[in-house]
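Undergrad: Supplied in structure tokens, the structure appears directly below.
Every number here is computed from the coordinates shown, using simple stated rules; none is lab data. These figures come from a predicted structure and were not determined experimentally. Backbone-built Cβ (ideal geometry, glycine too); neighbour counts: all protein chains shown.
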Amino acid sequence: MTPLAETFMLSAGERLGFDVVAKIFRMGYSRIPIYEVSKSNIIGLLFRQGSHFLDPEDEIPVKNFVQIFGRGLHVVWADDHLGDVLKLLKRGSHMALVRDVNSGDGNEDPFYEIKGILTLEDIIEVILGDDIIDE
Ligand code: ADP
């Protein structure tokens, strides 16, 4: 899993102008989670591939460009079995959000929290027991 703090995400409120589009290509990730209000509230994915057709001068809001939930963004539990997650990811999107329980400091009720993202590559690395070097 890649922890949420290390995940390259964009806010739904941002606009796809020159700076943001340049950053998308600089970062190089194929899938970029889009959040609204807080980073643990992911509402969809932006695919870098689709952003080739963007004209940065149009400054389109990220929200208009996002592929909303239901189109392949899966949520899995931190203790789900690898084989089950692999089966899920093979069916589409190739990225899942990892959810776990946050027990807090004992003064509040436990709540569910998105801890990070997971792709097919992360699973394959676990199976191989080694890192895959991206080309
Ligand atoms: P990509 O196709 O974008 O290179 P991969 O599916 O090959 O992504 O995953 C490579 C690694 O990058 C994995 O460890 C995955 O968790 C991580 N990763 C994928 N997308 C992002 C992102 N938006 N921000 C940070 N890490 C990411």
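Undergrad: Taking the stretch 94-132 as the region of interest, how many residues are hydrophobic (A, V, I, L, M, F, W, C), more than 20 Å from the chain's Cα centre (by Cα) and not in a strand (DSSP E or B)? Give the steps one after another, and end with the answer.
TA: Pass one, the stretch 94-132, residues hydrophobic (A, V, I, L, M, F, W, C): 95-98, 101, 111, 114, 117-118, 120, 123-124, 126-128, 132.
If we keep only those that are more than 20 Å from the chain's Cα centre (by Cα) too, we end up with 111, 127-128.
Within this subset, residues satisfying the condition of being not in a strand (DSSP E or B) are 127-128.
Qualifying residue count, the stretch 94-132: 2.
Undergrad: Quick check on the stretch 90-135: of everything there that is in contact with a Lys or Arg (Cβ under 8 Å, 6 or more places away or on another chain) and either of a type in the set (D, E) or free of Cβ contacts under 8 Å to residues at least 24 places away in the same chain (or both), which residue is nearest to M9 (Cα to Cα)? Give the steps one after another, and end with the answer.
TA: So in the stretch 90-135, the residues in contact with a Lys or Arg (Cβ under 8 Å, 6 or more places away or on another chain) come out as 93-95, 98-100, 112-115, 119-120.
The next check asks that each one be either of a type in the set (D, E) or free of Cβ contacts under 8 Å to residues at least 24 places away in the same chain (or both); those that pass are 100, 112-113.
On the way: D100: 20, Y112: 20, E113: 16 Å.
Within the stretch 90-135, the match that is nearest to M9 (Cα to Cα) is E113.
Undergrad: Out of the residues in the stretch 1-20 that are part of a loop (DSSP other than H, G, I, E, B) and surrounded by 14 or more Cβ atoms within 10 Å (Cβ to Cβ), which is farthest from the ligand (Cβ to nearest atom)?
TA: G17
Undergrad: Just to be sure I understand, how many residues within the stretch 102-128 are within 15 Å of the ligand (Cβ to nearest atom) and out of contact with any helix residue (DSSP H, G or I) (no Cβ under 9 Å at 6 or more places or on another chain)? Walk me through how you get there before you give the answer.
TA: Taking the stretch 102-128 and keeping what is within 15 Å of the ligand (Cβ to nearest atom), we get 114-128.
Next, only the ones that are out of contact with any helix residue (DSSP H, G or I) (no Cβ under 9 Å at 6 or more places or on another chain) stay: 121-122, 125, 128.
Residues in the stretch 102-128 being within 15 Å of the ligand (Cβ to nearest atom) and out of contact with any helix residue (DSSP H, G or I) (no Cβ under 9 Å at 6 or more places or on another chain): 4 in total.
Undergrad: May I pose another question? Being surrounded by fewer than 17 Cβ atoms within 10 Å (Cβ to Cβ) and in contact (Cβ under 8 Å) with a residue 60 or more places away in the chain: is that true of P33 here? Reasoning before the result, please.
TA: Details: surrounded by fewer than 17 Cβ atoms within 10 Å (Cβ to Cβ): no; in contact (Cβ under 8 Å) with a residue 60 or more places away in the chain: yes.
No, not satisfied.
Undergrad: Can you tell me which of D80, D105, D109 is surrounded by 11 or more Cβ atoms within 10 Å (Cβ to Cβ) and charged (D, E, K, R)?
TA: Values: D105 fails: surrounded by 11 or more Cβ atoms within 10 Å (Cβ to Cβ); D109 fails: surrounded by 11 or more Cβ atoms within 10 Å (Cβ to Cβ).
Of the residues listed, the single one that is surrounded by 11 or more Cβ atoms within 10 Å (Cβ to Cβ) and charged (D, E, K, R) is D80.
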